[in-house]
Amino acid sequence: MSNPVLVEVTRGNLVESRHRGLVIAVDADGKTVFSLGDTDAGVFPRSACKAMQALPLMETGAADAYGFGNRELALACSSHNGEPEHVALAAAMLAAAGRDVATLECGEHWSFSQDTIIGQARTLDHPSQLHNNCSGKHAGFVCACCHSGQETAGYVTYDHPLQREIRGVMESLTGAALAHDNCGTDGCSIPTYAVPLKGLAHGFAKMATGTGLEPVRAKASKRLIEACMAEPFYVAGSKRACTRLMQTAPGRIFAKTGAEGVFCAAIPEKGIAIALKCEDGTTRAAEAMVAATLARFFTDEPDVHASLMAQANHSMRNWNGIAVGDVRVTDAFAA
């Protein structure tokens, strides 16, 4: 099946680039309410599924034992900019478990944000693992291990008890069987699994509503989703799409990006969750796709709908501030 063109990028009066993709929105029972493209295709969620990976932090009791609130829980689900607030909070999470940056196994890198990396370059000789966009998630992993009495060394490996637990969580939520044959290694070194896009969306619908989940998991899921919506800066950071989307309707939209053009989102009050992938892995297209998909469910709220569509369709400017073209979703979203 050929996936449709969902985003176009213009220059002048001509279309310069076209991005194909697949999108699905489901309700809490897994019923499809909107779809485009081959939504049964296996997709690596990458960082879009971090809220699922954070469930052991909640379900082991580690988050409560260490006194974590919304900011810590949001950071555990984050792909952050490495801004000072993110770095300090990740360090504090580790300290709560009696650990420090040396325990992390996510690797180190400079910020992906231009504004942040300029500040880092002025003040740092090199970044630490705390600056890694996944350091909050990994701090959560370390805390879960420490609270459960598990060895932290090698916590990123396929056979570590924590990763086995995460694998079981994701199988339960998505309905997909996860094993070596659909496993890859993520940028932060943990296992990542290809799952059908529809199953990924259904997993987030379960988390957002509690439908089909045992009480402990339903409560843990609700706390994580609500924490992210309450503290969007700690999920992403300044000038990030996840932050903007959640600020568009505060406390009502959950949104989380993943590498290679993946996005997941949920509207808990409407019982809807969304999963999508830009086929060629382009972030700008995935951001337009998720904004346009979310907008479909806010047609009765003109201000929210207009704000989301403005994020889906926007102009591009060059370094002199001159408008040179547009990013725009196609008519497929009007179906």
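The values are calculated or read from the model by the stated rules, or taken from the named source; none is laboratory data. Just so we're clear, the structure is a prediction, and the values are computed from it rather than from any experiment. Every residue, glycine as well, gets a Cβ built from its backbone with ideal geometry; the counts of neighbours run over all protein chains shown. SASA here: full protein model, heavy atoms, side chains in, ligands and nucleic acids out. Shrake-Rupley method; radii C 1.70, N 1.55, O 1.52, S 1.80 Å.
Take H160 and decide whether it is open to solvent by 60 Å² or more (accessible area, probe 1.4 Å) and either farther than 20 Å from A74 by Cα or touching a Gly at 6+ places or on another chain (Cβ under 7 Å) (or both).
Answer is no for this residue.
Hey, does region 255-269 have a residue that's out of contact with any Gly (no Cβ under 7 Å at 6 or more places or on another chain), among the aromatic types (F, W, Y) and over 25 Å from G199 (Cα atoms)?
no
All but one of (1) open to solvent by 10 Å² or more (accessible area, probe 1.4 Å); (2) part of a loop (DSSP other than H, G, I, E, B) hold for C146; state the number of the condition that does not hold.
C146 satisfies every listed condition except (2).
Got a number for residues in region 173-201 being touching a helix residue (DSSP H, G or I) at 6+ places or on another chain (Cβ under 8 Å) and closer than 30 Å to A28 by Cα?
Of region 173-201, the ones touching a helix residue (DSSP H, G or I) at 6+ places or on another chain (Cβ under 8 Å) are 173-178, 186-188, 190-196, 199-200.
Of the ones still in play, those that are also closer than 30 Å to A28 by Cα are 173-178, 186, 190-196, 199-200.
Of the residues in that region, 16 qualify.
Considering (1) charged (D, E, K, R); (2) over 24 Å from Y234 (Cα atoms); (3) open to solvent by 40 Å² or more (accessible area, probe 1.4 Å); (4) in a helix (DSSP H, G or I), say which one R217 fails and leave the rest.
Going through (1) charged (D, E, K, R); (2) over 24 Å from Y234 (Cα atoms); (3) open to solvent by 40 Å² or more (accessible area, probe 1.4 Å); (4) in a helix (DSSP H, G or I) one by one, R217 breaks only (2).
If a residue must be open to solvent by 10 Å² or more (accessible area, probe 1.4 Å) and either in a strand (DSSP E or B) or in contact with a helix residue (DSSP H, G or I) (Cβ under 6 Å, 6 or more places away or on another chain) (or both), how many such residues does region 263-296 contain?
Total satisfying the criteria: 6.
Which of the residues belonging to region 94-123 are part of a helix (DSSP H, G or I) and either among the polar types (S, T, N, Q) or touching a Leu at 6+ places or on another chain (Cβ under 7 Å) (or both)?
V101, T103, Q114, T116, Q120, T123
Report whether or not F34 is of a type outside the set (G, A, S), within 16 Å of the chain's Cα centre (by Cα) and either at pLDDT 95 or above or surrounded by fewer than 21 Cβ atoms within 10 Å (Cβ to Cβ) (or both).
no
Run down T211, T243, T174 and say which single residue is under 27 Å from A306 (Cα atoms) and open to solvent by less than 60 Å² (accessible area, probe 1.4 Å).
T243
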